[in-house]
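One structure below.
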Number of protein chains: 2
Amino acid sequence: MERLDDVDGLARRRGFYWPSFEIYGGVGGLYDVGQIGLRVKHKLEGIWRRFFLEGLSLPMVEVETPLITPSRVLEASGHVSSFTDPLVECPSCHRVYRADQLLEAKLGVNAEGLGIEELNALFQKNDVRCDACGARLGGVKTFNLLFKTNLGPFTSDVAYVRPETAQGMFTSFKRIFEASRRQLPLGVAQVGRVARNEISPRQSLIRMREFTIMEFEFFFDPADLQAAMSALGDMAAESLNLTLADGRELTLTPMKAVSTSHVKTPWMAYFMEAALQFLLNLGFKSEEVRFVEKGDKERAHYSAQTFDVMIPTKRWGLVEVAGISYRTDYDLRNHSIKSGQDLSVSVTLEKPFLQASRRVVAHADAVRVDFGEHSGEVLAAISTLDPSQVGQEVELNLSFGRVRLGPRHFAVQVEERLVSAKKLIPHVVEPSFGSERLLYALLDRSLVIKEGRVVLALPSSVAPYDCSIFPLVKRDDMGSMAKRLESELREAGYSVFYDEDGSIGKRYARSDEIGIPVAITIDQRSLEDNSVTVRDRDSWKQWRARSSELAEILRRVLSGKSLISLGLEEFSRRPPKGKKAGG
Amino acid sequence: MERLDDVDGLARRRGFYWPSFEIYGGVGGLYDVGQIGLRVKHKLEGIWRRFFLEGLSLPMVEVETPLITPSRVLEASGHVSSFTDPLVECPSCHRVYRADQLLEAKLGVNAEGLGIEELNALFQKNDVRCDACGARLGGVKTFNLLFKTNLGPFTSDVAYVRPETAQGMFTSFKRIFEASRRQLPLGVAQVGRVARNEISPRQSLIRMREFTIMEFEFFFDPADLQAAMSALGDMAAESLNLTLADGRELTLTPMKAVSTSHVKTPWMAYFMEAALQFLLNLGFKSEEVRFVEKGDKERAHYSAQTFDVMIPTKRWGLVEVAGISYRTDYDLRNHSIKSGQDLSVSVTLEKPFLQASRRVVAHADAVRVDFGEHSGEVLAAISTLDPSQVGQEVELNLSFGRVRLGPRHFAVQVEERLVSAKKLIPHVVEPSFGSERLLYALLDRSLVIKEGRVVLALPSSVAPYDCSIFPLVKRDDMGSMAKRLESELREAGYSVFYDEDGSIGKRYARSDEIGIPVAITIDQRSLEDNSVTVRDRDSWKQWRARSSELAEILRRVLSGKSLISLGLEEFSRRPPKGKKAGG
């Protein structure tokens, strides 16, 4: 018997998500997002876009690049050599494990990021055995997590399914930059699927082999601290709960996190704070959100600093819903070198400045007079003098002897040049959210049991529908009034779940289970006086409202007001009998 | 020198799309959608969703399934064996061609769908030679277009990147059905990436190796003609331009197309009409849209009938932007057989009916009296009588001799049963749009040259921004008024392109090139009387408007009104000098 509080069970039953290709026995780590879950996921993506791409008053653009990626790109980015997990295969039954996770489960040690030899030593020392057949395990190998394929008919044209969307933005950075305002900073976002051939996919939506990420590469000039500090200064500064790589736990404002150097660049701190605000918008609490710094060995190869953004779930404990990485100029620099293309950009400086430059100028006439046939050699020697080192006089050993040169022979000229542009390879901070993990965390925290029934108390901003509409009984007159209200509310921009099948109790139960905040019912009285009942998902309380008020009531509820606060007439029809979920 | 009317050039320059991984020389058939193109693409997807999923008053849901697909699924669907193109490789320089397309280009014949032997015969007979080295070509092979990969660490677990989103919906059909209202018809939609390892990708966005499709599988009961015919009857019946597989061209209403059997099932005709209406909404003209039936050899293996939806482009002639296929129960039936899972569904009938059934009932007592020790054999014989054949009397040859049985020994009873549900494997019609092709066709038809400059006359519903806002010159007072208007219009729900860099002429040119219908400029007079100039992209005419009217002006323009019709004060500032594009 399925437990009522099992998120996966609810998800399967009510169309949030389920394992893909189930009729063929399923495939580990592949999930479908069903018709109800996708509505929530689309809302999450919309909120993410509005918050990060439009809401921060930063220049942000969004692009879309292919999943199929030629090998050269992922060789340059380091993924072909470094995007690996350690694998151990049972020599007897050939079951395969992810070596570090197996050691963690068996020995309770943190083995993430250990080298092959260290892992092998742990296997040997602790006599770790196969769960399936009991054979002794060892001989850890490196397994690359890229899904490999070929482009076109030749097997030599190796390609991979992208493991992150980032490389598409890096390789096309110049195009994107040139079609934009050609200024830094510039955020380049992408929402798309990525695939990682996990050895042991597990934990439902938490470790999938294919999933959606919402991420952006934020390109900036690392020397321009002012832009970052001023953006940071303008932010509401909710403190960040940090767990540093050395295990220390600190709670700091983002500004303080930068000034104490716990966070390595101001834009990192800025986007950590932004990520926190985004999660608060989704109903998570500040004290639930923790930024966990990855250690040197755990961090991806491209990162100078990474914080995982962790939030608690009932079933899987702390879950990483986002990662914020300081990728520096690692990717652009490597692509520059490997492609032979200059990926630096020239940006106009906000404040042009005068740059003094010194150069040594020979007085050729005097040199020729003083040195005759040797003047060529002397002039050449003068041209190699270092203008920053040379004084008014200099002694040189030349082929024809030692000479002493003075102001008669050369001068150091100082020139001032107006510098109004600057060439650089931008640095990058990358905040990356996992859509399905965020969806899971939302469902997990929203699922409550009330009187033996499941209620999904989703924030109304991410509910799959704004309201449900039911005729109390399946009767033509109630049905047509309900349909009319449905289309009126749709016209007004609200999403409506219309349902007329089965008992009203079952329909309320279904509406509650998929998290619809408001249920509107048309009954006998509705036909007489145009009033309807309005039911609150969480309290199951009902009120009476004029049908003409519904749009305004929904507007208020969706902007965060509770139905209770609206001062409507309370309605006393006995709530439907408690029934088990699943009806 | 790039031609002004080159869509690809404009796309690259202005951020609509460009070849992916260009810094590594590019990969045939892979394109990025840039920051401007993606805004248009997202609008196309939104319009598609509103039109097909919400606007047709049909039960439609949307899901999301993985790209990585285990081989069993695509074996059952027939793709592993049938999703192929004929390939010919030059024996000398090893250049590879798609055999049928090469023959079409060289000989001007329609070679699509020909078998390997027919193709080889054409190569031999016509002495077809390699473009690159002149060697004689032949030896056509079959090349599978699926991108092949492996799931997990074992190479035996073959998987593919999906070539269509459909199989994810078929394999999970039961789950989707059960989490919905469990009624037919039911449309299951998906918008997502698919990949096809084309031998010769070409023609910009027209033949890509990875692209987005917007499609749905419309599941229906083929016996329930009434539902389809009544939906068809409710539609505005713009006539369809058909080119039949035999080459005949007809223009028929969808109803007529069904009644004449040119279209094989009413839901096909319904969605052909819907596809036409959708394209009319995007600004295409009825006479431009042509439905071209695929011949028996050209059609995909799963299809009983397919119409390609073709629209003209300046560069590539008629381009297929959608395909509408009658997939029957091919996919669900094959998955049922191959997975061993029953994929039929039981649906409640709208109108339950009484079904009469007859059965033969023996009068055992009389049989025992009349036949004694042989009564067992007689009773067994009676139980095998066919109730639909037997009369009041029957003669049987039994082991102990010939017997004659009458009403004393058996009776035929008629029973009536109320049939209120029905089990069936639904049939499927699949309308499938290619996002990037639609994007291309829109750009192609919208690009016009006006006085030596490019104007992209996109319908305002798919313009990347609703308006642009410019301070006439980069000055603090104009800038802050422009920024204030920008945020007011954003608040009101409009998308705004703010630009203050460079001359006003260059900014107008850029705004025109990316297709923004309205440009708003803040000038000296704005600071005095709060009026602004409003400029029409297509006519370059300008008017004076109060800044408080802007939201209302935009609302009217976006609902299809022209600025000219609004009766604003004409503005006479001389339009900026004609400049070449690209500034």
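The values are calculated or read from the model by the stated rules, or taken from the named source; none is laboratory data. A quick note: this is a predicted structure, and the numbers were derived from the prediction, not measured. Neighbour counts are summed over all protein chains in view; Cβ atoms, including those assigned to glycine, are modelled from backbone coordinates with ideal geometry. Note: accessible area is taken over every heavy atom of the protein model, side chains too, but ligands, DNA and RNA are not part of it. Shrake-Rupley method; radii C 1.70, N 1.55, O 1.52, S 1.80 Å.
Data table
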quantity	calculated
When each of B:474/B:541; A:256/A:314; A:474/B:422 is checked by Cα-Cα distance, pairs over 30 Å	A:256/A:314
Cα pair distances in chain B, grouped into 20 Å bins until the bin that holds the longest one, percent each	16, 39, 28, 11, 5, 1
Mean residue ellipticity (222 nm) of the protein assembly as shown, computed from DSSP H runs ≥ 4 via -39,500 (n - 2.57), nearest 500	-8500 deg cm²/dmol
Test item: A:146-156 mean partner chain Cβ contacts at 10 Å	6
Accessible area of chain A divided out per residue, in Å², using a probe of 1.4 angstrom	42 Å²
Low-density loop positions, trypsin sites (Lys or Arg not before Pro), the stretch A:271-364 - DSSP coil, at most 11 other Cβ in 10 Å	A:285, A:314
Percent accessible area from carbon and sulfur atoms, the stretch A:127-247, protein chains only, probe 1.4 Å	44 percent
Nearest-0.05 FRET efficiency for residue A:181 and residue A:142, computed from C-beta distance (R0 51 Å)	0.70
Cysteines (scope the protein assembly as shown) whose Cβ has no counterpart Cys Cβ under 4.7 Å	A:467, B:467
Aspartates and glutamates with Cα under 20 Å of residue B:125, excluding same-chain neighbours fewer than 8 positions away	B:89, B:100, B:104, B:112, B:117
Proximal aspartates and glutamates relative to residue A:450, as straight alpha-carbon distance under 17 Å, when same-chain residues fewer than 8 apart are discounted	A:2, A:5, A:6, A:512, A:513, A:536, A:538
Label point 7 Å beyond Cα along the C-beta direction, distances from residue B:389 to other copies (nm, shortest first)	11.5
Cα→Cβ-extended label distance, 7 Å offset, between residue A:304 and residue A:127, nm	4.9 nm
Of all accessible heavy-atom area on the stretch A:403-482, the percent that carbon and sulfur account for (1.4 Å)	51 percent
DSSP-defined antiparallel bridges as percent of all bridges, the protein assembly as shown, nearest 5	85 percent
Rotation relating A and B, chain B residue nearest the axis via C-beta, angstrom	B:149, 2
Amide proton proximity set for residue B:251, modelled H, under 5 Å, gap of 5+	B:242
Part-to-part distance (alpha-carbon centres) for the stretch A:457-480 and the stretch B:384-423, which is given in Å	53 Å
Relative compactness, the stretch B:383-485, computed as alpha-carbon Rg over 2.2 N^0.38 Å	3.17
Distance in nm between pseudo-label sites at residue B:94 and residue B:417 (7 Å out along the Cβ direction from Cα)	6.7 nm
Inter-part distance where the stretch B:190-233 and the stretch B:35-50 are each reduced to a Cα centre, Å	17 Å
Sites residue B:6 and residue B:237 - FRET efficiency at Förster radius 41 Å, r taken between beta-carbons, to 0.05	0.60
Per-residue mean of C-beta atoms belonging to partner chains within 10 Å, peptide B:178-186	3
Other-copy label distances relative to residue A:145, 7 angstrom Cα-Cβ extension, nm	3.3
The stretch A:465-570 pair-distance distribution - Cα-Cα, 10 Å bins, rounded %	16, 54, 29, 1
Longest site-free stretch - chain A; sites: chymotrypsin sites (Phe, Trp or Tyr not before Pro), DSSP loop, at most 13 other Cβ within 10 Å	A:155-399
Shielding of B:31-39 by partner chains, average beta-carbon count, 10 Å	6
Against the rule of thumb 2.2 N^0.38 Å, how large the Cα Rg of the stretch B:347-421 comes out	1.42
Filtered trypsin sites (Lys or Arg not before Pro), the stretch A:239-278: DSSP coil and at most 11 other beta carbons within 10 Å	A:248
Mean Cα-pair separation over length for the stretch B:347-421, i.e. relative contact order, pairs under 8 Å, 6 or more apart, %	53 percent
Copy-to-copy label separations for residue B:247, where each label sits 7 Å from Cα toward Cβ, in nm and ascending	8.3
Reachable aspartates and glutamates, given that their alpha-carbon falls under 16 Å from the alpha-carbon of residue A:423 and they are not under 8 places away in the same chain	A:178, A:221, A:224, A:329, A:342, A:350
Protein accessible surface hidden between A and B, which excludes ligands and nucleic acids, total in Å², probe 1.4 Å	6300 Å²
Nearest-10 value in Å² for the accessible area of residue B:259, using the 1.4 Å probe	90 Å²
